[in-house]
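To keep things clear, I will list the structure first and then write my remarks on it.
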Amino acid sequence: QGCKLCNAGAYQTGSGIIAAVQCKLCDAGTYQTGSGLTQSSSCALCDAGTYQSGSGISTSQGCKLCNAGAYQTGSGIIAAVQCKLCDAGTYQTGSGLTQSSSCALCDAGTYQSGSGISTSQGCKLCN
């Protein structure tokens, strides 16, 4: 039968392992596409604008996009709450964005006092 490789999303630093369950899963905020890897550094960080809360993820598609109204400049983020909300006076319609400059200013004559607004309709007319 021979030795079997740890699956994608996992690695193993030791030798003499007897079962696949002894393969270590890549941490939250990371993924790994190869099999038979031997180091945790083989697990890649999810890109900026994304997060991933599970472990043992085997593709970058397992990293979820930050929602509209939010962005994330860092990589390896493990929860949606770590995506930063666009500030008051701004909104943002896209998802998976990586910069605060992605948040658009409300138009002249409008305002918006909340954060994390995802449409221009969130900007209200001044009285």
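The values are calculated or read from the model by the stated rules, or taken from the named source; none is laboratory data. The model shown is predicted, which means the values in this text are computed figures rather than measured ones. For neighbour counting, all protein chains shown are included, and Cβ atoms are generated from backbone atoms with ideal geometry for every residue, glycine included. Each accessible area value is taken on the protein alone, full model and side chains, heavy atoms only, with ligands, DNA and RNA left out. Shrake-Rupley method; radii C 1.70, N 1.55, O 1.52, S 1.80 Å.
Take the residues of segment 1-23 that are touching a strand residue (DSSP E or B) at 6+ places or on another chain (Cβ under 6 Å) and not in a loop (DSSP other than H, G, I, E, B): which is surrounded by the most Cβ atoms within 10 Å (Cβ to Cβ)?
Ala10
Checking the conditions here, which among Thr59, Thr119 is more than 21 Å from Ala8 (Cβ to Cβ), open to solvent by less than 80 Å² (accessible area, probe 1.4 Å) and not hydrophobic (A, V, I, L, M, F, W, C)?
Exactly one of Thr59, Thr119 is more than 21 Å from Ala8 (Cβ to Cβ), open to solvent by less than 80 Å² (accessible area, probe 1.4 Å) and not hydrophobic (A, V, I, L, M, F, W, C), namely Thr119.
Just to be sure I understand, how many residues within segment 49-81 are over 28 Å from Thr110 (Cα atoms) and outside any loop (DSSP other than H, G, I, E, B)?
Result for segment 49-81: 8.
Restricting to segment 30-48, give me the number of residues that are in a strand (DSSP E or B), open to solvent by 50 Å² or more (accessible area, probe 1.4 Å) and in contact with a Gly (Cβ under 9 Å, 6 or more places away or on another chain).
Count: 1.
So which residues in segment 80-116 are surrounded by 14 or more Cβ atoms within 10 Å (Cβ to Cβ), of a type outside the set (A, V, I, L, M) and within 18 Å of Cys63 (Cα to Cα), if there are any at all?
The answer is Gln82, Cys83, Lys84, Gly94, Ser95, Gly96, Thr98.
Please count how many residues of segment 64-73 are within 9 Å of the chain's Cα centre (by Cα) and surrounded by fewer than 17 Cβ atoms within 10 Å (Cβ to Cβ).
Residues meeting the conditions: 0.
Conditions (1) more than 27 Å from Lys124 (Cβ to Cβ); (2) without any contact (Cβ under 8 Å) to a residue 12 or more places away in the chain, marked per residue:
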residue	(1), (2)
Gly2	yes, yes
Thr13	yes, no
Gln32	yes, no
Ala44	yes, no
Lys64	yes, no
Ala68	no, no
Ile77	yes, no
Tyr91	no, no
